[in-house]
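A short worksheet on the structure shown next.
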Amino acid sequence: MCIRDRYDIDYCVRCSLCKWVNPWDLKSARFAKICPSNAYYLFDAYSAQGRMDIAKGILDEARRTLLIKSPKLLEAIYACTTCGACDIMCKRSQDLEILETLLELRKHIVKHEIGPLPKHIEFSESILKNHNPYQEPHENRLAWLDKSKEMSSKAKIIYFIGCTTSYRMIEIAKSTIDILEKAEVDYTILGKNEWCCGSPLLRTGQETLAQELIEHNIKVIEEAGAELVITSCAGCYSTLKVEYPKFAKFNFQIKHSIEFIEDLISSEKLEPFSNKLNMKVTYHDPCHLGRLSEPYIPWKGSRVAFGKFDPPKELRRGTFGMYQPPRNIISAIPGLELNEMERIKEYSWCCGAGGGVRAAFPEFSLWAAKERVEEAELTGADAIVTCCPFCKRNLKDSIETEGKKIQIYDLIELVAKSLK
């Protein structure tokens, strides 16, 4: 951690806004909370302001005793999905870089060999060995793909599939390819050259290990001659779009598959949706597609006064995330009726899977998903729709564990169904 982080740590006034939906946009007491960690553990250390205290203790030379391998300390630091909700809420009042500081805290304890947790080490070892976090053989990455399908080694558009889609949610990959074929898009995939995007490593403070993955993926994408990379994974989207520019310069653009599909529709390159899907649906905004998808804007400077930066800094407030394209697509599919939940867009409740939480704290992860499913049920929806394989997987696990009747789809699946 560095001196820039000290400002954010010292000037956190512990107002608790990081725990709640913005009061001006609050709909009910039942869904007033926005921090899954604090809502589950009900203790201040499991909130952004509590973690600011922990970071202060670690940085303070007189309190260096905190920099020890304490299970509870590591739990407080890592039982956080890094969903960014606290960061967005803080920027409603103080303009502090809360999420950046929390991620720096994780990098700091990894640097001092205090973290990460054993489960995080397991998936990091798998990523380095197999190029995916699931202990799956790398050669099985495309086991679901039609073997008769021939792919060019070069194309201006690359479909970056992602680990969760490739190994756990193959229906999303199949639907995406089906749509690209119908629209006669000239695209290719990286195949064995596609490695994990590095998101699990970056979120758990293992930045050094992620560097090799980032450099590799950028290299193979550029060697393929790509001008545009599309992905159906919100985590890959955010990592490629926001994190990769912090490490290297590149010339290709990044779009989520739903953004790309909206482009195809507006340019009339995709046939109109024909199949009517008679369903009431509610849309779950993935954190990485919403508040965490705003572009990274390089900045080097200092704070000259409370809330003032020299030179001026453009803050990522979560308001310009990728919110409207999925809703536009839902509105365009005949028969779908969208009933919104209370916490949407930048106030969306995290599914509970990110930041290494699903691996290390499965009970907390499922509890967060259960909260979201209950919120969805109250809209009267038949199904939850999202645009992230990780969100779909965690919410699906909760639905099955709780024996719920509500269904869950990735939006790309519904697009494919309506086109057939």
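The values are calculated or read from the model by the stated rules, or taken from the named source; none is laboratory data. Nothing here was measured: the structure is a model prediction, and the numbers come from that model. Here the Cβ is made from the backbone with ideal geometry for all residues, glycine too, and neighbour counts use every protein chain on show. Heads up: the accessible areas ignore ligands, DNA and RNA and are worked out on the full protein's heavy atoms, side chains in. Shrake-Rupley method; radii C 1.70, N 1.55, O 1.52, S 1.80 Å.
Using a Förster radius of 45 Å, what is the FRET efficiency between GLU139 and GLU271 based on their Cβ-Cβ separation? Nearest 0.05, please.
Working: r = 35 Å, r/R0 = 0.79.
Calculated transfer efficiency: 0.80.
What number comes out for accessible area per residue over the chain if the probe is 1.4 Å? Units Å², please. Please report the intermediate quantities before stating the final value.
Numbers: 17990 Å² over 420 residues.
With the other protein chains kept in place, the chain gives 43 Å² per residue.
How big is the stretch 306-364 in terms of Cα radius of gyration and Dmax, in angstroms?
Calculated on Cα positions, Rg and Dmax stand at 17.3, 52 Å.
In percent, what relative contact order does the stretch 149-306 have, based on Cα pairs under 8 Å that are 6 or more apart in sequence? Please list the in-between numbers first.
Details: 183 pairs, mean separation 40.2, N = 158.
Relative contact order comes out at 25 percent.
What's the local net charge at LYS280, with K and R +1, D and E -1, over the other residues with C-beta under 14 Å away? Before the final figure, lay out the partial values.
On the way: positive: LYS276, LYS405; negative: GLU337, GLU340, GLU377, ASP382.
Local charge sum for LYS280: -2.
Along Cα→Cβ, 7 Å out, is where each label goes; now give me the distance between the ones at MET151 and ARG30 in nm to one decimal.
4.5
Kindly report, to the nearest 10 Å², the accessible surface of THR379 as traced by a 1.4 Å probe over protein heavy atoms only.
Approximately 30 Å² of THR379 is accessible to the 1.4 Å probe.
What full-extension length gain, to one decimal in nm, is calculated for PHE320 and THR401 as 0.36 nm per residue of separation minus the Cα-Cα distance? Intermediate values should be presented prior to the final figure.
Numbers: separation 81, 0.36 × 81 = 29.16 nm, distance 3.44 nm.
Gain on extension, PHE320 to THR401, equals 25.7 nm.
Taking θ = phi - 60°, what integer Hz values does the Karplus form 6.51 cos²θ - 1.76 cosθ + 1.60 yield along the stretch 228-234, in sequence order, with x for Gly and Pro?
9, 10, 10, 9, 9, 9, 5
May I have the extent of the alpha carbons of the chain along their three principal axes, as whole Å values ordered from largest to smallest?
Principal extents (Cα only, largest first): 65, 48, 43 Å.
From the P(r) of the stretch 331-420, can you give the percent of Cα pairs sitting at distances over 17 Å? Working shown, then result.
Values: 1962 of 4005 pairs.
Tail of P(r) above 17 Å: 49 percent of Cα pairs.
Using all Cα-Cα distances in the stretch 166-253, what percent lands in each 10 angstrom bin from 0 up to the longest?
For the stretch 166-253, the pair-distance distribution reads 15, 49, 31, 6, 0.
When you count, for each residue, the other Cβ atoms within 10 Å and take the mean per peptide, how do 147-156, 381-390, 321-330 rank with the highest first?
Working: 147-156: 10.6, 381-390: 25.1, 321-330: 20.1.
Packing proxy ranking, top to bottom: 381-390, 321-330, 147-156.
Ranking request for peptides 100-106, 217-223: highest mean number of other beta-carbon atoms within 10 Å first, then the rest in descending order.
Working: 100-106: 21.1, 217-223: 17.3.
Descending packing order for the listed peptides: 100-106, 217-223.
What are the residues whose amide H is under 5 Å from the amide H of THR319, where those residues sit 5 or more places off or on another chain and H is modelled from the backbone?
Counting only residues 5 or more places away or on other chains, the set is empty.
Roughly how many percent of the accessible protein surface of the stretch 194-285 is carbon and sulfur, given a 1.4 Å probe and a whole-percent answer?
Values: 1660 of 3650 Å².
The C+S portion of the solvent-accessible surface of the stretch 194-285 is 45 percent.
With all protein chains present, calculate the accessible area of ASP53 using a 1.4 Å probe and round the result to the nearest 10 Å².
Near enough 70 Å² of accessible area.
Given +1 on the Cβ of Lys and Arg, -1 on the Cβ of Asp and Glu, and no further charges, what dipole in debye does the chain carry about its Cα centre, rounded to the nearest 20?
720
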